[in-house]
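In what follows, a single structure is set out as structure tokens and then discussed.
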Amino acid sequence: MAEPILFVLMALGSLAGAVTVVAARNPVYSAMGLLGTLFSVAVLYVLQLAHFVAAVQVIVYAGAVLTLFLFVIMLIGVDTSEDWDEKLPYQRAFVGGLAGLIALFAGALTLFGNFDWVPAATSTDPDSTNGTIQAIAELLFTDWVLAFEATALLLTIAAAGAIALAHYRRGQT
Amino acid sequence: MGVITEFIKGLRVTGGTMLRTIFGDELVTIEYPKEMRQKPQRFHGRHVLNRYPDGMEKCIGCELCAGVCPAKCIFVRGMDNDPEDPTSPGERFGFVYEINMLRCIFCALCVEACPTEAITMTHLFEMSTTNREDAIYTRETLLMDEKGEVPHMFPDDELADMDELAVADGWVRATAPSGLTSYQGVRMWQGTPGPGDWDPEPDQEQIDAVSPTEVDDG
Amino acid sequence: MSWPEFGIVVLRVVVTFVLLLVVTLINVWAERKIVADMQSRIGPSRAGPWGILQTLADGLKLFFKESVIPRKVELGMYLLAPFLAIIPAFLIFMMVPWGKPFMIGDHEVALQGADLNIGLLFILAMSSMAVYAVVLAGWSSGSKYPLIGGVRATAQAISYEAAMGLAMVAVVIFTATQGEGGTLSLAEIVERQTGTWADVSPILSFIPRWNVFPQFAAFVIFVVAIVAETNRAPFDLVEAEQELVGGFHTEYSGMRFAMFFLAEYINIFSMSAIAATLFLGGWAGPTFETFLPGFISALLPTVYFLIKTYAIVFIFFWLRATLPRLRYDQLMTLGWKRLIPAALAWLVVSTVAIGFRQFGPPWS
Amino acid sequence: MIVAAGWYMALAAALFLIGAFGLLLRRNALVMFMCIELMLNAVNLTLISAGRALNDLNGQVAVFFILVVAAAEVVVGLAIIVAIFRRRATASVDDLSELRG
């Protein structure tokens, strides 16, 4: 019983957050919208018994990535700039048309569609939650160990690259 | 490693102080309204206008205090005494006497200037008011009453501490209305608020006989 | 879930909440009193015996004070920020087991807000949430000092959370060798610290089985990191009075300021509680069930927990009274060039040592 | 009572579309970045739902990798934005269309 209620709440929350990201004039409000979406999606992960991913989502996305966004927004002070002038002439109209078409298609699908395409969830065994972290760890360190090492390397390179890019020498610019 | 030893040294200082404060007597603060620190003898507190032991006012309205005041905060107007019922032993008395405590710098030049030692300073220092008018002390507030106590600005105030006024320590010599030290050797009503009786001022010969520090006015 | 179980869940959340509030009230008073003692002063002494009700009086005063809203604030974020500060603070403590579970009838009552299997990750997540309050409060106030405080808070939180997480990892890896498989649940971590080291060596049979003995380096790193994480002196650059007025809460007053204040002290207590749980064995301790009445035995673990936590809270106060504030570059140097490498090195050392103990040397 | 995986997928699709439109509409490089994050999140939600529906943990592992890659991407991207901002004092991508200093 709890899952449908929470799903509806969190779905609305995440959609509202997403719209805020796109529509807010101030990048700080965009970041807050993204925070709302991330949180709602994390709750949705919990609903789907992916506790570990939910926690990592909050730690990595909300804790690090968004904080970095806010830091950059405040550092370069773009929180007052307007960016709604358009230089590509037909892009707005194109996006609007596309959005309308997709909405039409989705509506039609909801009304007349074939719902056998979307399967019902099969596994909701709550006892499996306790094993989730161990199970993920087992997968990570057996089947996916090469990818795991590769992402570790990627992170190191990204950190080094970021330092190299952001390193500011006086008189360089 | 130097950092760590310094760090531990610092922790020892604060920790030791804490233990000494709790179990020893290293406390340096006192709980002010409950207990008061003994103020230095020549502390410059609020002013008081003195009386002679017979109840006469010492102020003769000469305005020397107002003249010498560097902050220009004293306002005095003299008035001729009524011959039937004189207020002061001289010809005139201080009819209006006002000190603006917001301007006063507590330099005590008025005390120095006063020829009759009418104005002196006490050890009272709690002079906060809630408006500017109350900071101007008038004759009623400055003039000591018959019992030798300094009047309080707000006697009805529930925070007014009357006991404190009784120990107010104005410094004044027990001179006679004539200005001579004729009260010497006689123990009498001291004419100044302060703890205990004060001995009258010694003769000039006595002053010359002893070293100056022993004739401290306490 | 049956009704009695639901009632137990609600009850333990409420009790945890109330415990946290009471303890925080005492904490604020204790800090003022202890720092006063360290500076040969008296401290609060008027409200109640030894001034113990001072916090309550201050809280009431702040509650009834006018909340001034400056003209140039971003109103939405300005009003939201205090709540963002206080909610993660409460949620963190919900993870901490503050007493030994006991039975009522056939229902087990765990003295803990909630026991998640991802408890430690949840704590990390919530403590990284706490920085949003500071950043948003600083930004939305629309003036210089709060903004600088907010930007500082961002960098500081990111830097020290890494060290904190690494210290936690060392403990988790060590804990995995103490029982059946690894765990991130705080209740389980405490369970594994009960008893003594008697099985390692009979000489150690009187030393409690706390993680702080094998993981002392991690403990030191963790304590330094939580002091920085809660923005306490000497790492309180976020609200450095001498340079930033009040930092992020400069423009806040009345109830909203009180919420920031409360959140800071709740964070101190929760973080100390987590340190006590991870390293000092939480509620673990002798309960003398054989010769003490039952309810005292049931209460003793909570007392042990509070004593251990307050020992770490005392370290917070001691540091505050002792150390001058770090400069900003010193803060970053300590975080990135000292603490994180130290945590990584300790992680390697501890893991290799555990490997030797579990599997013997690799060359044999 | 459980929610069918289809609903999660539909929500993910909606999030992805909003992110995509935002990417097309906005000109602020930071906001465009956030829209990309939104799309990545939508994909993550899809993977988790699919993993649960198929009772397969590999979905969660994939999400884990996407998170890591997203974090790396954000780090480098933000560093580039800061570097560009030092040179141009703008965060609007229209002004950056010429790849000249």
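Structural remarks
- Kyte-Doolittle mean at least 1.0 and Cα axial length at least 20 Å: DSSP H helices in chain C: C:3-38, C:75-94, C:119-140, C:144-176, C:254-279, C:294-322, C:340-359
- Applying the criteria of a DSSP loop state and at most 12 other Cβ atoms within 10 Å to the trypsin sites (Lys or Arg not before Pro) of segment B:98-151 yields B:ARG132, B:LYS147.
- Exposed GluC sites (Glu not before Pro) absent - longest run of chain C, DSSP non-H/G/I/E/B, at most 12 other C-beta within 10 Å: C:67-179
- Peptide A:13-23 - average C-beta neighbours from other chains (10 Å radius): 6
- The per residue volume of the convex hull around the alpha-carbon atoms of segment C:66-359 is 153 Å³.
- At 0.890 mPa s and 25 °C, Stokes diffusion of the protein assembly as shown via Kirkwood alpha-carbon radius, µm² per second: 75
- Residue-averaged 222 nm ellipticity for the protein assembly as shown, from DSSP H runs of 4+ at -39500 (n - 2.57), nearest 500: -18000 deg cm²/dmol
- Between C:ALA162, C:LEU147, C:TRP98, the Cα set farthest toward the positive side of the dipole of segment C:66-359 (charges on each charged residue's Cβ, about the Cα centre) is that of C:LEU147.
- Dipole of the protein assembly as shown [Lys/Arg +1, Asp/Glu -1 at C-beta], most positive-end residue of C:SER2, C:TRP283, D:ALA71: D:ALA71
- Chain D - charge dipole about Cα centre, Lys and Arg +1 at Cβ, Asp and Glu -1, debye rounded to 20: 260
- Dipole axis of the protein assembly as shown (+1 Lys, Arg; -1 Asp, Glu on Cβ), positive-most option in C:PHE219, A:MET74, C:ALA345: C:ALA345
- Sequence-distant contacts, meaning Cα pairs under 8 Å at least 6 residues apart, place the relative contact order of chain D at 28 percent.
- For B:14-27, mean number of other protein chain Cβ atoms within 10 Å: 4
- The charge dipole of segment C:66-359, taken about its Cα centre with unit charges on the Cβ atoms of Lys, Arg (+1), Asp and Glu (-1) only, comes to about 720 debye.
None of the figures in this text is laboratory data; all of them are computed from the coordinates on show. Worth saying up front: this structure is predicted, and the values here are computed from it rather than measured. Every residue, glycine as well, gets a Cβ built from its backbone with ideal geometry; the counts of neighbours run over all protein chains shown.
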